[in-house]
1. Would a scan of region 150-166 turn up a residue that is within 28 Å of Glu113 (Cα to Cα), buried (at least 17 other Cβ atoms within 10 Å of the Cβ) and modelled with pLDDT of 75 or more?
2. If we scan region 67-79, do we find a residue that is under 19 Å from Pro110 (Cβ atoms) and without any contact (Cβ under 8 Å) to a residue 60 or more places away in the chain?
3. State all residues of region 31-62 that are part of a strand (DSSP E or B) and within 17 Å of Val84 (Cβ to Cβ); if no residue qualifies, say none.
4. Across region 26-64, what is the total count of residues that are out of contact with any Ser or Thr (no Cβ under 9 Å at 6 or more places or on another chain) and under 16 Å from Pro111 (Cα atoms)?
5. Please go through region 40-60 and pick out each residue that is buried (at least 18 other Cβ atoms within 10 Å of the Cβ) and more than 20 Å from Leu114 (Cα to Cα).
6. Return the residue satisfying two criteria in turn: it lies in region 171-212 and is touching a residue at least 24 places away in the same chain (Cβ under 8 Å) and acidic (Asp, Glu), and of such residues it is surrounded by the most Cβ atoms within 10 Å (Cβ to Cβ).
Amino acid sequence: MTLRVLVADDQELVRTGYATILSAQPDMEVVGEAGDGRAAVDLARRERPDVVVMDVRMPVMDGITATREIAGPGVENPVKVLVVTTFELDEYVYEALRAGASGFLLKDSPPAELLNGIRVIAAGEALLAPAITRRLVGRFGERVRPAAPSKDALSLLTPREIEVLRLIAEGMSNPEIADAMVVSRETVKTHVSRVLTKLDLRDRVQAVVFAHRNGLVSPT
């Protein structure tokens, strides 16, 4: 299976670099390049790529808005988006995840991580490394204004599933959750799947956002 990838970045050198790396892979094809968010949205709707590699800071339309238009809540047949950003400078990563991105990488990540990220997201999983999750929560958590937990939504979960959701939001991987709860990794995997299904969440990224927005974990 060949993965069709769209690259969106306002720097031509970056776009060319990504396109060169991706095109060299036997399982990937670059179906378009966009220099701004508006062009990225138009291309994504026309080409229907498997994954869009999206920069955050772009002219005409920023990457967050572009992500929301092709992957956000209510979008029919959303496109999977991998956000790439300079974490230390970009203060909009959290909003990008809320907008529907399936994960993010730092721009200085090695090519192997970019390629793996595309494959992971194309497979329907979320690319949200636990260590980066912790950094994200620590840096942007104060921007989240938790509401009282939604009784209607949380009532769908068992106490065990609520605990799993809380640990996901704290940045724990499945093995770490298994150790913390003293259960098998397969049991954790089952709990995670049930949490996502019951809350109608697409992936772990959305689970993290849900948990913070509903006050299940402290923003700090």
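1. Yes: region 150-166 contains one or more residues that are within 28 Å of Glu113 (Cα to Cα), buried (at least 17 other Cβ atoms within 10 Å of the Cβ) and modelled with pLDDT of 75 or more.
2. no
3. Gly32, Glu33, Ala34, Val51, Val52, Val53, Met54, Asp55
4. 1
5. Val41, Leu43, listed by residue number.
6. Once the filter is applied, the top-ranked residue is Asp203.
The values are calculated or read from the model by the stated rules, or taken from the named source; none is laboratory data. Model, not experiment: these values are computed from the prediction. Here Cβ is always computed from backbone atoms with ideal geometry, including for glycine, and neighbour counts include all displayed protein chains.
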